[in-house]
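To keep things clear, I will list the structure first and then write my remarks on it.
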Amino acid sequence: MKNLWLLTAFLAMVSCTPEKKIDYTIISGKIENSKADKISIVNQYNTNKKTDIQLAEDGTFLDTIYPKINTHTYLLRQDNSLTEFYAPKGSTTYIKYDANKKDSTLQITGSTAIINNYIIAKNKIYAEKMPKNNEAFLKNEEEFKKILLDLKKAEEDLLTKTDNISDDFKTSEIKNIEYNYLTGLNSYELYHGYYTKNREFKVSDNFLDELENLPMENEQDFLFSYAYRNLVNSKTREKSNLLAKKDSISGDIAYLTTVSEIQNQTIKNNLLYQSAKYGITYTENLEEFYTLYSNNSTDEENNKEITTSYNKLKALAKGNPSPKFIDYENNAGGTTSLDDLKGKYVYIDVWATWCGPCIAEVPSLKKLEKEYHDKNIEFMSISIDKEKDHEKWQKMIVDKELKGIQLFADNNWESKFVEDYMIKGIPRFILIDPKGNIINANAPRPSDEKLVKTFESLEL
């Protein structure tokens, strides 16, 4: 009787113990023949957040990821290779492949192996069904839509015949396939115009009818589907562009204003952060931008990051001393520091040899350098190429006949000067006065007529 009582008491105690929620996912695996010594895990819900994982000598890796929200899909980045996988909270995922023959050796096992094998098969269908080298966007509307519909049908058939897949996943994935189809339709106008070199191209009136009834605030779909997030962002951007035109306000302020009208806080927080992460470093209306963001975002972690950026950017306001660099390699010989140029205006171009938009600015920059050659201004280009591309940098200077002062930063993106200016994307242009103070930490590009007007306002 006593033992029975003790057993009963123990069971009661166990049953009253609250179940501990698992707030992490375990990711491990092995990558053979990787040229890189580390990989990155990127959460597709927030691509700005990534986790770097060191590879052991034998290519194995192991880490525990603590996603803030229970999102599901990730990308494993190894060199230039991306592997999509599904890993909600509480799951274990093991990824293995040979980097030299990934397509034939990729294996994903673990608690969500069925779903991940489905994703692998689905990606193979996409590779088989979609024409290579963006040829699909060269097709006419009818042909392009047929390609998308054939792909959609093949993906739906695959989902249907995949055994033992959970009903919850299947329900969300059916909608995700539809959103992928709609994303294709939505991107056709832009890419068809680009690849056919007809920038004036517009789709026919009824081509996008299927997007008319797109639900804009479905939180479950927003968390699950990358395609749905893109569609919501695109539709929000379209609405904000109309607002910018109607009220004659800047595009970034119009976008944050439009996002602030969204009722679902999860969706609102995500769109605000995705815009502010880099947008705050480019805006010409820092105070208004930050006020709009902070008044509408409730995500404490994101808010802390954006506030830190805001406080740093205030130090880059007009009239403040410019951050400095010391002894950057000068292609003409020797080294150059920013202080060497005191007494002159300095227009700085931060660029890299791999940056297409940077190269596109070269003709305009060379034209300005020639026009202002005898004025009290120096044109300086700072490459943030990696050390392995040093010779490529030197060769491009010769091949493109680059003028002005050509410098090589001391640590590419991690150079202190780059970090002090909070440069998140290139090209980036900076204008400094003869005393070494900032005129504009985000100056107009050489191709922008505003730059000439700025120069005309200075005593050059």
The condition of being under 21 Å from residue 277 (Cα atoms), in contact with a Leu (Cβ under 9 Å, 6 or more places away or on another chain) and surrounded by 15 or more Cβ atoms within 10 Å (Cβ to Cβ) holds, among 95, 41, only for 41
inquiry  = Here is a check on your reading of the model: is residue 341 within 27 Å of residue 391 (Cα to Cα), buried (at least 17 other Cβ atoms within 10 Å of the Cβ) and hydrophobic (A, V, I, L, M, F, W, C)?
reply    = yes
Q: For segment 196-217, indicate whether the set of residues that are outside any loop (DSSP other than H, G, I, E, B) and under 21 Å from residue 276 (Cβ atoms) is non-empty.
A: no
Within segment 424-437, of all residues that are surrounded by 21 or more Cβ atoms within 10 Å (Cβ to Cβ) and among the aliphatic types (A, V, I, L, M), the one nearest to residue 360 (Cα to Cα) is 430
Restricting attention to segment 432-451, the residues that are free of Cβ contacts under 8 Å to residues at least 24 places away in the same chain and either in a loop (DSSP other than H, G, I, E, B) or among the aliphatic types (A, V, I, L, M) (or both) number exactly 2
Residue 235 fails exactly one of (1) in a helix (DSSP H, G or I); (2) under 25 Å from residue 317 (Cβ atoms), namely (2)
Item to complete: Considering every residue within segment 288-303, establish whether at least one is part of a strand (DSSP E or B) and surrounded by fewer than 18 Cβ atoms within 10 Å (Cβ to Cβ).
Response: no
Conditions (1) surrounded by 15 or more Cβ atoms within 10 Å (Cβ to Cβ); (2) touching a Phe, Trp or Tyr at 6+ places or on another chain (Cβ under 8 Å); (3) in contact (Cβ under 8 Å) with a residue 40 or more places away in the chain; (4) not in a strand (DSSP E or B) -> residue 350 fails only (4)
For residue 214, the lone unmet condition from (1) modelled with pLDDT of 95 or more; (2) under 28 Å from residue 181 (Cα atoms); (3) of a type in the set (A, V, I, L, M) is (1)
Residues of segment 329-369 being of a type outside the set (A, V, I, L, M), within 30 Å of the chain's Cα centre (by Cα) and farther than 20 Å from residue 435 by Cα, in sequence order, are 351, 353, 354, 355, 356, 357, 358, 361, 363, 364
When every residue in segment 241-271 that is under 25 Å from residue 226 (Cβ atoms) and among the acidic types (Asp, Glu) is compared, the one surrounded by the fewest Cβ atoms within 10 Å (Cβ to Cβ) is 261
When segment 423-439 is checked residue by residue, the ones that are touching a Lys or Arg at 6+ places or on another chain (Cβ under 8 Å), more than 18 Å from residue 355 (Cα to Cα) and either modelled with pLDDT under 95 or among the hydrophobic types (A, V, I, L, M, F, W, C) (or both) are 438, 439
Restricting segment 73-106 to residues that are among the aromatic types (Phe, Trp, Tyr) and in contact with a Ser or Thr (Cβ under 8 Å, 6 or more places away or on another chain), the one nearest to residue 36 (Cα to Cα) turns out to be 97
Q | Check on residue 96, among the charged types (D, E, K, R), touching a residue at least 60 places away in the same chain (Cβ under 8 Å) and closer than 22 Å to residue 228 by Cβ | A | no
Check: Residue check: is residue 365 under 12 Å from residue 379 (Cβ atoms) and either buried (at least 19 other Cβ atoms within 10 Å of the Cβ) or of a type in the set (Asp, Glu) (or both)?
Finding: yes
Subset of segment 379-431, residues part of a helix (DSSP H, G or I) and either under 30 Å from residue 311 (Cα atoms) or basic (Lys, Arg) (or both), comes to 388, 392, 395, 412, 413, 414, 416, 417, 418, 419, 420
Given (1) assigned to a strand (DSSP E or B); (2) within 29 Å of residue 195 (Cβ to Cβ); (3) in contact with a Phe, Trp or Tyr (Cβ under 7 Å, 6 or more places away or on another chain), residue 84 misses just (3)
Restricting segment 98-126 to residues that are hydroxyl-bearing (Ser, Thr, Tyr) and assigned to a helix (DSSP H, G or I), the one surrounded by the most Cβ atoms within 10 Å (Cβ to Cβ) turns out to be 118
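So that you can scan it fast, the table gives a plain yes or no per residue for (1) buried (at least 16 other Cβ atoms within 10 Å of the Cβ); (2) within 24 Å of the chain's Cα centre (by Cα):
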{"position": "135", "(1), (2)": "no, no"}
{"position": "142", "(1), (2)": "no, no"}
{"position": "147", "(1), (2)": "yes, no"}
{"position": "153", "(1), (2)": "no, no"}
{"position": "157", "(1), (2)": "no, no"}
{"position": "163", "(1), (2)": "no, no"}
{"position": "168", "(1), (2)": "no, no"}
{"position": "189", "(1), (2)": "yes, yes"}
{"position": "194", "(1), (2)": "no, yes"}
| In this structure, is residue 152 over 21 Å from residue 73 (Cα atoms), among the basic types (Lys, Arg) and free of Cβ contacts under 8 Å to residues at least 60 places away in the same chain? | no
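The values are calculated or read from the model by the stated rules, or taken from the named source; none is laboratory data. Everything numeric in this text was worked out from a predicted model, so none of it was measured. Ideal geometry is used to build each Cβ from the backbone, glycine not excepted, and the neighbour counts take in all protein chains shown.
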